[in-house]
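Each value in this text was obtained by applying a stated rule to the coordinates, not by laboratory testing. Since the structure is predicted, the reported quantities are computational estimates derived from the model, not experimental observations. Quick reminder, even Gly has a Cβ in these numbers, built from the backbone with ideal geometry, and neighbours come from all protein chains shown.
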Amino acid sequence: MKHPRIRKNLVLLLVAAVAAMIVGPSSAAFAADYVPISGAGSSWSSNAIDQWRRNVQQYGMRVNYASTGSSDGRNQFKAGTVDFASSEIPYGIKDGNVVDNPPSRGYAYMPLVAGGTAFMYNLSSGGKAITNLRLSGTVLTKIFTGVITSWDDAAIKADNPGLSLPKRKIVPVVRSDGSGSTAQFTTWMANQYGSLWNAYCVKAGRSSPCGITSNYPTVSGKGFIAQPNSQGVSGYVAQKANVGTITYVEYSYALKTGYPVAKILNKAGYYVEPTASNVAVGLLGAKINTDKSSSAYLTQILTGVFNNKDPRAYPLSSYSYLIVPTKVESNFTEAKGKTLGGFAYYFLCEGQQQAEVLGYSPLPINLVKAGLEQVRRIPGVEGKSIDITKCNNPTFSKDGTNTLAKKAPQPPACDKQGAPQCTTGTGGSKSDTPSNGGGATDEGTTDDGTIDDGSGVTDGGTGETGGGSTTDGPVYCEADTGVCANVVALPVEVESEASWGMQQTFMAAAVLLVIGLVVIPPVLGQFLARRKKQS
Amino acid sequence: MADTMLLPVVEHATVLREDFPPLETKREERRVSGVRISDVLSAVGAAVGSLCLTTVIVTQLAPISGPIAFAAIAYIIFMVLYAMLVYLDESRPVVVDRVILVGVHTLALTVFATLGFVVIFSIVRGAEALPFLNFYTEDMSLAGPLDPLSDGGVVHAIVGTLIQITIALAITIPLGLTTALFLNEVPSAFSRFVRTIVEAMTALPSIVAGLFIYASFILLFGLEKSGFAASLAISVMMLPIMIRSADVVLRLVPMTLKEASIGLGAGQWQTVWRVILPTSRSGLVTAIILATARGIGETSPVLLTSGFTASLNVDPLHGPMVSLPLAIFQFVKSPEPTMIARGFGTAAVLMFIVLALFVVARIIGGQTIEVKERRAEGRRVFWATVSAPAVRATTAVVRVVGPQVTRAATATGRVVGPPLARAAAATGRVVGPPLSRAASTVRTTGDSLFATAAQAMRTFFSTVVTKVRALVTRITAKKDDSK
C-alpha cells in the first residue's frame, strides 16, 4: 500500500525541482524593466540581428527574431502579429503581378545593415578550381537571363583573359522562395540592363516592364535550378559534383562554405569583390528618399550606387530595412517601444562594429544619421540625443567623415579591365588560380607556365604553391632549333554526354563480355552435366 | 487435449508397409530454415567476386564514377554470381527461392540502412556540439552567431517541445479516443460521415494546419503567437492519426467479449470502460505514440504559430516558445558553421527524446493483463519470502504484548464503543438509503442517456437521409416532368 504514495511523492519532488530549475534563470533575465519584443522577416540580415539580440541581452532587453523571409516579415507586420519586421524591399511594389499594399498601421523604415550581393560559383578547369573569375554587368545579366549558356563563351573569355575556361554548361542557381537577395539582384538588373531583364521576364510569363521582384521568374527548359533559402542555393553550389553552377547569395555564405565569388566590373572599369569596405564605398552613392511626407521615406534610391565612379565601389551594394511601428496599435505598446528604441540605438551605433565579421558592411554615416531620427518616431522610446561622433560606428571618425571609405584600399592594377587578371582567390576560397598566360604578355610576375617561345626556357611551377598549373608537364624541345613546346595539351572538361553513341555500346558490350566470361562457363558446364545425368 | 488424443490415431493410419521396395532416387527434403555452411560460403564468395569484378569494370572498362554507381553495379553482379553459385549444387526452384530471399533481405536492409544513415549523419554532423554540457543546460539568449559552441544550448527548445507536446496530448487523447469510441460504438450515418472527415484530415498538409490556427486563433481572435497556439496547430495534425489508429484498434476487440459483457448485464458504458478499453489498451498506446511521433517532429505548423525566440520561455500562453524542430530549422539556415553544428546536435537530441518517450510508452502500454498478473504473483512470492521472518517476529511480539493491549483496548472499547456505534447506525439509517438510491439512479440514467442519445442521433440522421432522399426523388421527378 505504501508504494504508490512514495512514488507520488517522488514525482512531486521531481516536478518541483524541474520547475525551480526552469523558473530560476528566466526570472533573473527579466530583472531590467524592458518588455520582450518579437520580430520577423529577412533571412538576409538575420545573422546580424541574431548577434545583436544576443548582445543587447546583457542590458536586459529580450529581442525575439524569426528569420522567416522578408515577404513573410512584411505580411506579419501588416497583420500586427510582430512588433517589427526586416525587409530588403519596401511596401507597395508590384511583385510578379501582385501589389504588396502598405499596412494600415503607422510604420517607418530604418536602415538596418548593408551588404553586397555576391556571386558564388563552382568552376574548375583541368581538375583545379578557378577562384578568380571576373564578370562584367552585361555578362552577369546574360548568364542569369539564359542568354549565355556556356562557360567558354567569348564574352566571359573577354572578361577573363588569364583563364582557360572549360566547355561546360552554366547552371544558374536561383532562389525558389521569395527573398531579399533576389529583390536586390533584380533591382540592379532592372535598373542597369532593363531590356535584357524584361525580355527574360516576358519569356517567364510576367508582364513587362518586370522591375523588382522577390520571386525569381524561371523559364522551364533553360536549365536554371531553384533552391529554397540562402543555405539551399549556397549548399547546392558547394556540392563537389555541381561544377558549373553560379548563384547570388550573401557574401557570408561564400566565406563560410569556402567557395569563391565573382569580381564584378564597376563603372570605373575595375573588377571588385563585395568586401565590407567596397560595399561601404559603393553605398556612398546611395540617395535616400528624404521626403518626410512620403510613406517611402528613407527607402533607398540605388542608381547612384550602381553607377558609382569610385574604382573601389562594388556595384551591387544595398542595405536592408527595419520596419518599425510609429503608433500604439495591435499588440504594440509604449513599453515595447522602449525596448525597440534601445535595440535600434544599439545596432545603429555599436552593433555596426560586428557587421564586417558577420559578412556584412557597416552602414555609412548618412544612413545612420537618418536612422537615428527615425528612432524618435517610435512611441514610448527614450529619446537620446546621440552625438554622432561618439557613436562608435566604425565607418565614421570623430569629424563625421566616412572612415571606412577613406581607408578602403584601392583595387590592385591587375583588377583593371583589360589588364591581365589577378591570380589571388576570392570569397571563401583563398587558393590562387594560376594564369594560363593567354594574352598576358606583360605580366612577368605570376606567369608560371607561360610558354616563353624563342628563348627555349619554360619556367613551369616556380612561384606557385598550387603546382597545378595548366601547362605544367613534359616539354619537347626541337634539337636543331632549340624551340620548346608543351607536349601536354590543355585539359578540357567535357560533360558526360547524355546521348548513346557507338562508344557507349562498345563499353556496355565489354562489361557484358567480362561478366559473361565469369558466369557462362560454370553455368554451362553444370547445365550440360545435369542433362547428361538425366539422359 | 483433443488434439493430442487424435494424433496417435493419425500416425497409425499413415504407417508404411514394411514390404514396400525402397525408392530408387532419394528425394532430398527442401530445407526452409537453418543455415548451412554452403549458403554462407556462396554468399561470401559472390560478394568477393562482385567486388573484384566491379572494380575491374569501373576502373578499366566503363566511364563510371561515384560510390552510388559502384554500389548499384556491385549489387547486380552479386545477384548474378550468387544465383550462379547456388545453381552449381541446387535445383532451379531452390535457386529462385534463394535469389528472392536475398532480394527481400536487401530491401529490409535498405530500410534499416536509411534509418541508420539519418541517425548517424545527424550525430556525426552534430558531434562538435554534443559533448558540451552547456548544450543541454543553457538557452541561446547569450549565444550569437559569433560565439563558440561552449556558449549556449538548446534547453529552451527541449522544454518548449515537452510543453507543447504535453498540451497537445492533453487535448488530443480525450478527444481522439472518445471520437474513436463514438465511431465504433454508435454506428450511424453521422459516424460514417465523421470517419470520412477524419480520413480526409490525415492527408492534410501540415502547413495548412498551421495556417488554420494562424488565421483563426492569431489573426481573428487576437491570440498571441505562443506555445499554446503551436500546441493547437500540432493537435490538428495529431488528432486524425490518433482517431484513425484508435478506431482500427477498437474494431479489433472480439465481438464475443462485448456480447459476453452485455450478456452478463453490463450496460454499454460499463462494457466500454471494463472490457473494450482494457482489451485494446496496448493498441491505444500505439495510437497515441503514432500521433505523438507525428506531432513532435512537425516544423511547419509551429513555424507560423509559435514565433521564434532564443530564450527559455515556460509560459505557453505568452510570448514565443521554440520547439526542437523549429530550432533545427533556424540553426541550419545560418551561414555560421557553429550554428549548423548546433542544428545537427539538436536533431540528435530530438531523436533521443522521441526514442525515450517511445520506450516509456511501450513499457506502460505493454502491460497486458497476463503480464500484470505475473508481476503481481512475483511480488506476492517476494513478500512471502522476505516477510516470513518479519511476520514470525511480529507474531512473537504480539504474543507477548498482545494480551495486555487487547485488554486495554477492550476496556476502552467497552467505554467508548456503544455510543459511537449507536451514532454511526443512526447516521447510516438516515443517509444510507437515499445515497444508494441516488447511486443506482445515476447508473441507470447514464446508461439510458447514452442509449437515448445514440438512438436520437440515429433517428435524426435517418430522418435527414430520408428527407434528402425524398427531395432528390422529387427533383428528379420534376426534371422528368419538364422533359
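Need one number: nm distance between label points at A:Ser195 and A:Arg530, each 7 Å from Cα along Cα→Cβ, rounded to one decimal. Once both label points are built, they end up 7.6 nm from each other.
With a 10 Å cut-off around each Cβ of B:331-339, the average count of Cβ atoms from other chains is 6.
Between A:Ile520 and B:Ile353, what FRET efficiency follows from the Cβ-Cβ distance if R0 is 60 Å, with the result rounded to 0.05? Rounded to the nearest 0.05, the efficiency is 0.60. Extending 7 Å from Cα along the Cβ direction at B:Ala260 and again at B:Asp97 yields two label points whose distance is 4.1 nm. How big is segment A:249-332 by the Kirkwood estimate over distinct Cα pairs, in Å? The Cα-based Kirkwood calculation yields 14.7 Å. A Förster radius of 25 Å combined with the Cβ-Cβ distance from B:Thr110 to B:Arg36 puts the calculated FRET efficiency at roughly 0.45.
Rg and Dmax, both from the Cα atoms of segment B:67-200 and both in Å, are 26.5, 71. Each of the peptides A:67-78, B:465-476, A:507-518, B:268-279 was scored by the mean count of other Cβ atoms within 10 Å over its residues; in descending order, highest first, they stand as A:67-78, B:268-279, A:507-518, B:465-476. The protection proxy used here, the mean number of other Cβ atoms lying within 10 Å of each residue, ranks peptides A:217-230, A:337-350 as follows, highest first: A:337-350, A:217-230. In terms of other Cβ atoms within 10 Å, B:Met79, A:Met120 run from fewest to most in the order B:Met79, A:Met120. The per residue volume of the convex hull around the alpha-carbon atoms of segment B:136-367 is 128 Å³.
For segment A:177-208, the residues whose backbone nitrogen is under 20 Å from a point 7 Å from the Cα of A:Ala155, taken along Cα to Cβ, are A:185-205.
Each Lys or Arg adds one and each Asp or Glu subtracts one; over the other residues with Cβ under 10 Å from the Cβ of A:Lys263, this totals -2. For A:Ser150, the residues 5 or more places off, or on other chains, whose built amide H falls under 5 Å of its own are A:Ile170. Each residue of segment A:192-244 gets 108 Å³ once the volume of the Cα convex hull is shared out per residue.
Annotation: for a label point projected 7 angstrom from Cα along Cα→Cβ of B:Asp315, residues of segment A:313-339 with backbone N closer than 20 Å are A:329-339. Distance distribution P(r), segment B:37-126, all Cα-Cα pairs, bin width 5 angstrom from 0: 3, 13, 18, 19, 16, 15, 10, 4, 2, 1, 0 percent.
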